[in-house]
1. If I ask for residues that are in contact with a Pro (Cβ under 9 Å, 6 or more places away or on another chain), more than 17 Å from B:Tyr203 (Cβ to Cβ) and small (Gly, Ala, Ser), which ones from the stretch B:150-180 would you list?
2. Give the stretch B:38-70 a look and list any residue that's assigned to a loop (DSSP other than H, G, I, E, B) and modelled with pLDDT under 95, or say none.
3. What number of residues within the stretch D:105-129 are in contact with a strand residue (DSSP E or B) (Cβ under 6 Å, 6 or more places away or on another chain), touching a residue at least 60 places away in the same chain (Cβ under 8 Å) and in a loop (DSSP other than H, G, I, E, B)?
4. So, in the stretch A:197-228, exactly how many residues are aliphatic (A, V, I, L, M) and at pLDDT below 95?
5. Is it fair to say D:Lys134 is free of Cβ contacts under 8 Å to residues at least 12 places away in the same chain and within 22 Å of D:Tyr101 (Cβ to Cβ)?
6. Taking the stretch B:77-93 as the region of interest, how many residues are touching a helix residue (DSSP H, G or I) at 6+ places or on another chain (Cβ under 7 Å) and of a type in the set (Val, Ile, Thr)?
7. For the stretch C:66-112, name all the residues that are of a type in the set (Ser, Thr, Tyr) and more than 30 Å from B:Ala183 (Cβ to Cβ).
Number of protein chains: 4
Amino acid sequence: MAGTKIQAPEGAAAVLDKGFVKLVDFMGGDMRAVESARVSFGSVSKGEDRDRKLLEYLLEHGHFSPFEHSVFQLHIKCPIFVARQWFRHRIASYSEISARYTEVHDEFYIPEAFRAQDTVNRQGSVEGKLDQKKLSAEYAAAIEASYAAYSALLKAGVAREMARGVLPVSQYTQFYWTINARALLNFLDLRLDKHAQLEIRRYAEAIAEIFREKMPWTWAAHRRLNDK
Amino acid sequence: MAGTKIQAPEGAAAVLDKGFVKLVDFMGGDMRAVESARVSFGSVSKGEDRDRKLLEYLLEHGHFSPFEHSVFQLHIKCPIFVARQWFRHRIASYSEISARYTEVHDEFYIPEAFRAQDTVNRQGSVEGKLDQKKLSAEYAAAIEASYAAYSALLKAGVAREMARGVLPVSQYTQFYWTINARALLNFLDLRLDKHAQLEIRRYAEAIAEIFREKMPWTWAAHRRLNDK
Amino acid sequence: MAGTKIQAPEGAAAVLDKGFVKLVDFMGGDMRAVESARVSFGSVSKGEDRDRKLLEYLLEHGHFSPFEHSVFQLHIKCPIFVARQWFRHRIASYSEISARYTEVHDEFYIPEAFRAQDTVNRQGSVEGKLDQKKLSAEYAAAIEASYAAYSALLKAGVAREMARGVLPVSQYTQFYWTINARALLNFLDLRLDKHAQLEIRRYAEAIAEIFREKMPWTWAAHRRLNDK
Amino acid sequence: MAGTKIQAPEGAAAVLDKGFVKLVDFMGGDMRAVESARVSFGSVSKGEDRDRKLLEYLLEHGHFSPFEHSVFQLHIKCPIFVARQWFRHRIASYSEISARYTEVHDEFYIPEAFRAQDTVNRQGSVEGKLDQKKLSAEYAAAIEASYAAYSALLKAGVAREMARGVLPVSQYTQFYWTINARALLNFLDLRLDKHAQLEIRRYAEAIAEIFREKMPWTWAAHRRLNDK
């Protein structure tokens, strides 16, 4: 009934049960940051060793603007509750699929394993003795019922923008995301953190891998400084 | 079972069936914009007539920065699907209640009347001959079932951050919102527009009323220019 | 005495007497905006005609986010008083040469022709009967005296960051500038305007040319809408 | 010849020889940050001790958004070269006096004492054995000559926007500045740093005093964390 499902594009890294992260485009790199910093100093590249030291110096002293000239563009598919955390990052550009315009697909995040409520860190979750099979069945049944209600409302002629009101936040959405390397490092710092929800952490891990490939010197310097 | 519900605070304007908009604080005003503009000109107030003309001149010629020195602070309660549209506005500050930290309440948006899918404007909705009573019952039943599943998952020990995966986007959320007058005018232009979904339009109308009270000259000039 | 002058890099467009605009890198394009918009609609390209109409539709209805996924990177050399107007545009990234770190060159903007004070538009200038030769000599003499004082202070051991206090705002500076297509259109609208100072308008014209080359459909649609 | 000079407004803190910092307005405070954070937790104030601990917890774990709901508004008068560093901070609002619109005053920064070039930190300055009297006379003479040239150009009918090309970056300018507490802490961190130029550091010190008065708990927590 719903339109053609958008498959994970080629080269995308799978995340969670139905999500992905895919690099669409990239501009810049480690040397772009070096050059942008050296415009300040009126000089050019001075060999790998000194260029890498410069990058580390910039990061250590909070001179982040040279990293803004490198830009990542990603195509993301993730559950709505993950997207809700994601969109809090304001220094970035977003183009998201519209559930007003298109009928949404029967695609929801079904956890592989449920985590128990953390009673120490009220915001967290921990591994716990839970009846995974039973919980999974209940969770899936709830989601199926929601999607059935959505379909029925659409069939009765209700506008998509209203019918989607019954759809759960585990529904998958998609968006294009453009963000510079400085803002992306900030995103990764917050979303790789052990306090971040495991689901968005999985996306951050996939993106960190892309960052490491595209800007290896910057990534290495950043990790070295933050592991201190 | 859930914690104490946060009641609509005193002075809040009711929006939709359970939402509200409440002005928490405000800084600036029409004369602040005048003064901020006149710092550019090295002069001060010149009487209401000339001050109002100045405001209109600024808006007409795209000199928006003097309006950034007036700041609105609002407390909002709205459905998640409305919040999702809202948070796309990046030049503003948000502090939202966390469904990871607190158990969410049994509060969902139930439309007074369902609108039919607009077949001309694929993104819109129109009044249509729909069996409101039947639809309303189906919609409410779906939401109740979702909340029951959420409660059951919590009872079984599932972490809040995971259990909420079954909750629909019609669930109410709350946030503090701080935004300057320039960015707020932009928000209002987009969200009062007839292409905006009716639900967020209701919030924009309540906020427009607050804007009009706090900055009447600016509002009048803005309306006059946009009605041309 | 000063360090090696940075020559206009290859491919740079000359602006004013010693300035330039040079495209360093670019990401995206017209079709990127189309694709980013269509992610919202869950569809792909539909032929030039419909894709161009989509771009015009987006611009006309204030749907600007699809244009944020195209990014321009420029190397600019301009007088300080132009840079001061430029840096007011906050949705962009800047890396500027530092007069604290390097000794600045003897490079200042010398107008080809002086304009008279506009007495109607207090902020503007007009062609007028001025003794160009005499004015030019006076202007150049003032600047030479300033640079001589700067050099003398440096020679006496004064820190660069203090000695530059005597240098005039006509001094040339350089910076890397990264900006997305949406923000760049806004920059161009304001800086191509007849109320903008002629000097920054010259830069805007050079950049408009680059925009037109890289995103011809977007540029054409934008011009068509703004000429209405 | 120039228009009425704008005197330091009442209550302004003097900075450098002719500059000032003046708090125009303020919204929020420590408790606003507490309340904004607690909206996330669905609770209210819990006594000074626990509220202060919450503020420290937020700052320590990078939860900065609750601090965005407190907003400072300042009127600043500073040399252009200081303003140039200042305006690099993009998450803030600026309204600056225009040298295109008004004739600028004969007000320039004259250092009390010249610092020598630091030969270790190429970007810095150090105390050094300099002939202060001689340097001061040379510096002042250069500036007077520049202002005389400016006046002569104006007298000959040259437009203000062009004549100002000969004015040095030590000229005083003025602006209104609106910035939230989160962004202001970032500004202060960078501009109180010993690597910042002494002149802007003086402004940061005056503003830090205002911050400390208006948000004493936040300031104390921030200092405690950064002195670790």
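1. Result: B:Gly165, single match.
2. The answer is B:Gly42, B:Ser43, B:Val44, B:Ser45, B:Lys46, B:Gly47, B:His61, B:Gly62, B:His63.
3. Final tally of qualifying residues: 3.
4. Total meeting the criteria: 1.
5. no
6. Adding up the residues that qualify gives 2.
7. C:Ser98, C:Tyr101, C:Thr102, C:Tyr109
Quick grid of which residues meet (1) within 7 Å of chain B (Cβ to nearest Cβ); (2) touching a helix residue (DSSP H, G or I) at 6+ places or on another chain (Cβ under 9 Å); (3) surrounded by fewer than 20 Cβ atoms within 10 Å (Cβ to Cβ); (4) more than 25 Å from B:Glu144 (Cβ to Cβ):
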position	(1), (2), (3), (4)
A:Ser95	no, yes, no, yes
A:Glu103	no, yes, yes, no
A:Tyr109	yes, yes, no, no
A:Arg122	yes, yes, yes, yes
A:Glu127	no, no, yes, yes
A:Leu130	yes, no, yes, no
A:Glu138	yes, yes, yes, no
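The values are calculated or read from the model by the stated rules, or taken from the named source; none is laboratory data. In this text, all values refer to a predicted model and were calculated from it rather than measured experimentally. Virtual Cβ from ideal backbone geometry, glycine too; neighbours counted across all protein chains shown.
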